[in-house]
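See below for the structure under consideration.
What follows draws every value from the coordinates through simple rules; no lab data is involved. All of these numbers come straight from a predicted model, not from anything done at the bench. As a convention, Cβ positions derive from the backbone with ideal geometry for all residues, glycine included, and neighbour counts pool all protein chains shown.
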Amino acid sequence: MRALDSGAAWPDIGAMSLPPGFLDDLRTRVTLSDVVGRKVMWDQRKSNRAKGDYWAPCPFHHENTASFHVDDRKGFYYCFGCHAKGDALSFVKETENVSFMEAVEILAREAGMPMPARDPKAAERADRRTELANVMEEAVKYFRLQLSTQAGAGARDYLARRRFPPAALERFEIGFAPDTRQGLFQALTGKGIAPDLIVDAGLCIRPDDGGAPYDRFRGRIIFPIRDARGRAISLGGRAMDPNARAKYLNGPETELFDKGRNLYNVGPARQACGKGQPLIVAEGYVDVIALVEAGFAGAVAPLGTAITEDQLRLMWRISDEPIIALDGDTAGLRAGMRLVDLALPLLEAGKGLRFAILPSGQDPDDLIRAEGREAMEKVIAGARPMVDLLWRRETEGKVFDSPERRAALDKTLRAALGRISDLSLRGHYGAEIKRLREELFGMGPAAPTGGWQTRARMPWRPGKGPVLPLSSTRSTLLAAAAGDTVAQQLRETMCLAILVTHPGLLAEFESQIERLHLSDPELEALLSLMLTYAHDGPEALADRLAQEAPAALEKLLNHPHVRTAPPVLRRTDTAFARMCLAEELAKLAAARAVKAETEEAIEALEGLADEGVTWRITQATKAYHHAEKSKINDTADLGEDRAAMSQFLQSLLDKHSGG
């Protein structure tokens, strides 16, 4: 999830059409707790309404504890569990599954603020589109009426044979275009609609000889196409004549309709996905209708073309992981492969695709009619991640019985993975491809044998057995923590201890403390309590901690490193404690940044990367941590070390990509 930070630029170009100060005025008129309160139940024990401080279980992930914090004074929310954050606009966007400008309109209505007037040219274009949409609505009414006439008897019989229930005909506004040259044209002009508008809406065609326009859709079952806001923007038609040149016909590109930027049933599907339904992408109108009627309300389809980049981005705005329902024949799989090539450069962490492959020769409508909803549900549950389809394309039906063929496979896969711009994601793809490759070639890692190589060696002195650590040593954090986590845990513990003994520093360092996620769950809970009651005053805070977290408080203050720490012992020297806290926070942030950057670099080079490069980075990381431990009590800032490590990692990445 991506939420807005304070002061961040609004991510929707529509905001550029709003006058200066409109969004700021909107924020001041809307109370965040009122907006959020429609979706959550506040924790009355933790919340402090008088101070605009609210806590609740997070609406963005399943949990039982109240880790979702709303600060009415700042106008921002933050979840300490999933780290979702933002303001009222981002909350409406995420929970209602709407665009930025739609969220603005929703909150403006609630605040009683009229949406500002647009510039004259933009207003003129919008008015023109409104006129065309009204013409399209009249056409939808006409075609729906024709389905119930004598001329529509054949269409009604066809729909009955395809098991379209009356509710589906109503829900999707299905109609019929009689096989007459000017039936629609005459009906619309009879209502006073200008011929130019009818032609510009894509409903009729003007002949080259300058004669009267004639109907584009004739002898076809009609499927209205609506945009995400519910406006009729075009039509799709299925021919009744089996010998027709085109079985399906969509309206042309118009001021209203861009078929590469829209999806059939996108509005209802967006609402369904906002309530937890999966987004299922089928091939055509009939498949979507069959899926929706079977209970899969989040179904959409492209409009007569292969999925475009704009449509893919639209899908990701609705759902992080759309499910592509592929017909199990060669054409369906080929379409899936083309989509893989389109999606690879656009992938990012949290945004992916899954592929549900139907039995050969069947589409969703066929499967549901033959075997019922359960069969389709099983196919969707078995949807595979995109990396599986990529692997299948490069390996299915091929033999890799020579070094040359295996090298060719590696080259092809390396080129495909190189198109993924997100380095972390590329690393994970590489790791999965490496695993699949090892399975294919029988090169899986051998399990440890339990021999002498795997035994830990104990220290030894002449004439004596192994030296065992004392019980007091075994109980310390240094002995209990694993490897590189020791320094981090010590710093976390020290930061919290300084704050407990000098609570006045909480407000001063609040923004940094809110991002300080501790590895010890007990200490993390203690920190959450401190942030909750940070503004109640030192005495009230001490009482709250003693009442609500006595065990965690005792564990912290009895820690051997805390008991002897100067900033804890010198309880009256706030200036010294402030300096120590700032230093510990800076070192902790720098160490975490180096660790994250190192892990990302290793992930990016794993899988198909050169093992020598990966080994060198690993050794460099170990050397860094060794140096870091040796100066754990040093007061120097880690910024220079982090910059040097970043430069070293980048040089390795540049060298590898150049090779």
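So here's what we get for this one:
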| item | result |
| --- | --- |
| Debye-sum result for the range 497-575 in log10 I(q)/I(0), which assumes one identical scatterer on each alpha carbon, at q = 0.13, 0.19, 0.20 Å⁻¹ | -0.36, -0.83, -0.93 |
| Pairwise Cα inverse-distance average, inverted: Kirkwood Rh of the range 273-393 (Å) | 14.3 |
| Cα centre as origin, Lys/Arg/Asp/Glu Cβ charges: the range 237-301 dipole, Debye | 80 |
| From the C-alpha gyration tensor of the range 13-111, square roots of 5λ in Å | 25, 15, 10 |
| Contour excess over end-to-end distance, with Cα ends at Asp258 and Ala408 and 0.36 nm allotted per residue | 50.0 nm |
| Size of charge dipole - the range 13-111 - debye, nearest 20, with Cβ of Lys, Arg +1 and Asp, Glu -1, no other charges | 320 |
| Relative contact order (%) - criterion: Cα under 8 Å, at least six apart; region: the range 505-601 | 19 |
| Length added when fully stretched, Lys191-Ala582, from 0.36 nm per residue minus Cα-Cα | 133.3 nm |
| Relative exposure of Met41, Met386, Met315, judged by other C-beta atoms within 10 Å (fewest first) | Met41, Met386, Met315 |
| Inter-label distance for Arg161 and Asp241, nm, one decimal - labels placed 7 Å from Cα along Cα-to-Cβ | 1.8 |
| Mean-position separation - Cα centroids, the range 141-177 and the range 502-543, in angstrom | 64 |
| Neighbour-count order for Met579, Met136, fewest beta carbons within 10 angstrom listed first | Met579, Met136 |
| Low-density loop positions, trypsin sites (Lys or Arg not before Pro), the range 224-262 - DSSP coil, at most 12 other Cβ in 10 Å | Arg229, Arg245, Lys247 |
| Backbone N under 19 Å from the Arg206 label point (7 Å along Cα→Cβ), restricted to the range 159-193 | 182-190, 192-193 |
| Sequence-separation-based contact order of the range 300-351, relative, with Cα cut under 8 Å and 6+ spacing, percent | 40 |
